[in-house]
Amino acid sequence: MHILNYYFTPFAVILIAFAIFFSEPERGVTYASFGLLAAAFGLNYWMSSNVYQLMRFTRSIRGIIVWINLITSAALFYLLSPYWAPMWLLFLTAPAASAMFMKKWQVFLTALSAAAMMLGIYYLRSVIYGIGLSTQLLGMAATQAVFIVFFSMFTAAMTEMTVKVRDSLR
C-alpha cells in the first residue's frame, strides 16, 4: 500500500491542484475537493501505518482502503469533471493499487466497478444538466472505461510476473 501513497497520492494531489488552479471552480467545489482529499489522505495514512499492527486483518484493511479510494475518486470526479476533463484518471488509482495484492478476478471486478462508477457519473451529469449523451461523448467515456479495465489488468499481470521472477530467483 505504500506504493499507492508514494505514486498515486501525489498524482491525485497534482491532478486536483491543476484542476482547481487552471479551471477555477466555485469556492464550495474547491473547499469540498480539498476536504475530501485531506480526509482520504489522512485515512490512507492512518490505515497504512496501522495495518501491520493488525496483521490478521491486513487483507481486509487493504481492500477497504481500495474501496475508500474508489469512492473518494468518484466524489472528486463528480465535483471536478465539469471543470477538468482529465479527472477520469483518478479512477485508475484504486484498481491499480488493488492489483498489488488482490487476485486477478478481484482486480477485474474493482476495475469494472470503477469504470461503471465513472460512466454512471457521466450519465448523471448529463441528466442533471439536461443534455443527452452524444455519440462522441459516449465513445470517449467508453474508451476511458475500457482503458481503466485494461490498465488494471496489465498492472495485475505485471505484479504477478514480478512475483514469479522473484520466487524463481530464490
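Considering helices alone, the calculated mean residue ellipticity of the chain at 222 nm is -26000 deg cm²/dmol, with DSSP H runs of length four and up weighted by -39500 (n - 2.57) and normalised per residue.
The angle separating the long axis of helix 27-50 from the principal Cα axis of greatest extent in the chain is about 10 degrees. Against the chain, whose longest principal axis comes from its Cα atoms, helix 104-129 is set at around 10 degrees. Placing unit charges on the Cβ atoms of the charged side chains and taking the dipole of the range 2-168 about its Cα centre, the candidate lying farthest along the positive direction among MET140, GLY35, ILE64 is ILE64. Nearest 10 degrees is fine. How inclined is helix 135-168 to the longest principal axis of the chain, computing both from alpha carbons? Tilt relative to the chain: about 10 degrees. Determine, at each q value in 0.15, 0.16 (inverse angstroms), the log₁₀ of I(q)/I(0) that the Debye formula gives when each Cα of the chain is one equal point scatterer. With one equal scatterer per Cα and no solvent, log10 I(q)/I(0) is -0.86, -0.96.
About its Cα centre, what dipole magnitude does the chain give when the only charges are +1 on Lys and Arg Cβ and -1 on Asp and Glu Cβ, stated in debye to the nearest 20? All intermediate terms of the calculation are to be shown ahead of the outcome.
On the way: 10 positive and 4 negative charges, 127 e Å.
The calculated dipole for the chain is roughly 600 debye.
Once fully extended, how much extra length lies between TYR7 and ALA85, figured as 0.36 nm per residue of separation less the alpha-carbon to alpha-carbon distance?
Details: separation 78, 0.36 × 78 = 28.08 nm, distance 2.08 nm.
Here the segment from TYR7 to ALA85 would lengthen by 26.0 nm.
Modelled spin-label separation between ALA17 and PHE101, with each label point placed 7 Å from Cα along the Cα-to-Cβ direction: 2.7 nm.
Every number here is computed from the coordinates shown, using simple stated rules; none is lab data. Small disclaimer: the values here were computed from a predicted structure and weren't measured. Neighbour counts are summed over all protein chains in view; Cβ atoms, including those assigned to glycine, are modelled from backbone coordinates with ideal geometry.
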